[in-house]
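The values are calculated or read from the model by the stated rules, or taken from the named source; none is laboratory data. Everything numeric in this text was worked out from a predicted model, so none of it was measured. Cβ coordinates were reconstructed from backbone atoms using ideal geometry, including for glycine residues, and neighbour counts include every protein chain displayed.
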Amino acid sequence: MKVDLFAELFLWNRNVDGLIRVLQRLDRFSIVGKQERKAYEVRLEEIRAGLNADFAEAIAKRERDDEIRLRCQRTAWEVKKTLSDGSSRLQ
C-alpha cells in the first residue's frame, strides 16, 4: 500500500534525525572531534538524500503507471457506456 511506503520513508528519516542527534550529543564526551563528527553527519545526510531521491523516483514511476492504467480503464468504461447508451436509443 502507498501509505505503508510513506510511513516507512517517514520512519527512515526520523531515525536518521535521531542518529544525527546522537552524534551531536557525543560532542560533550569528546569521543570524536567536532570535524570528524560533522563528517559523519554529512555522510548520514548524503545517504538519506540518496535514498529519499531513489524512493521518490520509484514512487513517481508507480504513480505515473497507475495514472496511465486508470485513465485507460476510465476511457474504456466511458466508451462502453457511450456505446450502450447509443445502442439503446436506436432500439
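Kindly evaluate ARG37 against the criterion of being in contact with a helix residue (DSSP H, G or I) (Cβ under 6 Å, 6 or more places away or on another chain) and at pLDDT below 95. For ARG37, the condition - in contact with a helix residue (DSSP H, G or I) (Cβ under 6 Å, 6 or more places away or on another chain) and at pLDDT below 95 - is met. From the list VAL42, VAL79, the lone residue that is over 31 Å from the mean Cα position of the chain (by Cα) and either aliphatic (A, V, I, L, M) or at positive phi (or both) is VAL79. Scan the range 1-49 for residues that are aliphatic (A, V, I, L, M) and either in contact (Cβ under 8 Å) with a residue 40 or more places away in the chain or over 20 Å from ILE59 (Cβ atoms) (or both) and the total you get is 12. For the range 50-91, taking the residues that are surrounded by 11 or more Cβ atoms within 10 Å (Cβ to Cβ) and among the hydrophobic types (A, V, I, L, M, F, W, C), the one that is modelled with the highest pLDDT is identified as LEU51. The set of residues in the range 1-48 being loosely packed, with under 11 Cβ neighbours inside 10 Å, small (Gly, Ala, Ser) and part of a helix (DSSP H, G or I) consists of GLY18 alone.
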